[in-house]
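FYI, it's all coordinate maths here, none of it is from the lab. Since this is a predicted model, take the numbers as computed values, not measurements. Note that we place each Cβ from the backbone using ideal geometry, even for glycine, and neighbour counts take in every protein chain shown.
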Amino acid sequence: MFTTASISFKTALRPIAVSCLALSALSACVTTQQADTAAVAPEASFSLSNSVKYQRQSKEYPLLSAYVYKQATAALPASFDNQQTPSVIVLDVDETVLDNSLYQEERESKGMGYSSESWNAWIKREEATLVPGVDKFLATVIERGGKIALITNRDKTLDAHTWNNLLAMGLPLTPSNTCIMGRLPADKEAVDHKYIVNDKDRRRNAVKQGSPACSLTNEAASDSWNKPHNIIMQIGDNIEDFQGVTQEDAYLPAILPEVGTSLFILPNPMYGSW
């Protein structure tokens, strides 16, 4: 049997109970919203290095690159025809023909650096753009009857992807006028610091001797490359893109007289043999 006082007391408790339930529900909602917000929180943002900013954003980089290729064009012979020994221009690929700064930007924006796995995946994407000025230079070489040897330290098994990327950029390259040679283990193993000073020397010698291992070739193209060639110009972004030179032992007074005539170096602040 309930007294009037007990009934009044229980009646008074009802609003308090309802309020507690409402507060509990609100607390649960807030907790759930916080969890949901945490689940979709954006990834941490990392700043780009000055070297990548320079290559991706500055006006100086394209100006310098285009200037180097303008000077290289001026140093070309008026014609490559009627030469007893064919002449060839040797170029590196990365940061010399193809600009891979997007790869560097993507890695740095995630707080990550270079790795061989991510680099090979980037090559397979075939999304590199052209270094400023290189398209007109290569077109001029080919128009004048010249040949191009692309000696790259990309793995040779990826040469097809490099070739596809180059053609996608509209370059007038064919197996007859262009020989592409990625790096093999033998190129590094051959370095003896006497006859083979850096890991591109073996491939340069093969071009000169008429035995380059050109990828993506055919019978007619192979015949055109299977003869001795004169290397009349070398272009790269690294001192080791020049024959017989290493970063450690490069003697600049001997190199300097050839710079601007047969040797041309492009800016690359992002990475190198230094």
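Structural remarks
- Order by protection proxy (mean Cβ within 10 Å, highest first), peptides 106-118, 151-163: 151-163, 106-118
- Taking amide H positions as modeled 1.01 Å from N, with prolines and chain starts lacking one, the residues under 5 Å from residue 95 and 5 or more places away or on another chain are 100.
- Taking amide H as placed 1.01 Å from N in the peptide plane, residue 147 has its amide H under 5 Å from the amide H of 89, each at least 5 places away in sequence or on another chain.
- Counted residue by residue at 0.36 nm each, then reduced by the alpha carbon distance between them, the extension gain from residue 227 to residue 78 reaches 51.4 nm.
- Rounded to the nearest 20 debye, dipole of region 140-274 from Cβ charges on Lys, Arg, Asp, Glu: 280
- Charge dipole (Cα centre; +1 on Lys/Arg Cβ, -1 on Asp/Glu Cβ; no other charges) of region 50-265 amounts to roughly 260 debye.
- Region 232-240 - phi-based ³J(HN,Hα) in whole Hz, Karplus 6.51/-1.76/1.60, Gly and Pro as x: 9, 7, 10, 10, x, 10, 9, 4, 7
- With Cα atoms defining each centre, region 179-200 and region 205-224 are spaced 17 Å apart in the structure.
- Whole-angstrom gap from region 237-273 to region 102-175, using each part's C-alpha centre: 20
- Theoretical FRET efficiency, 1/(1+(r/R0)^6), r = Cβ-Cβ of residue 209 and residue 50, R0 51 Å, to 0.05: 0.75
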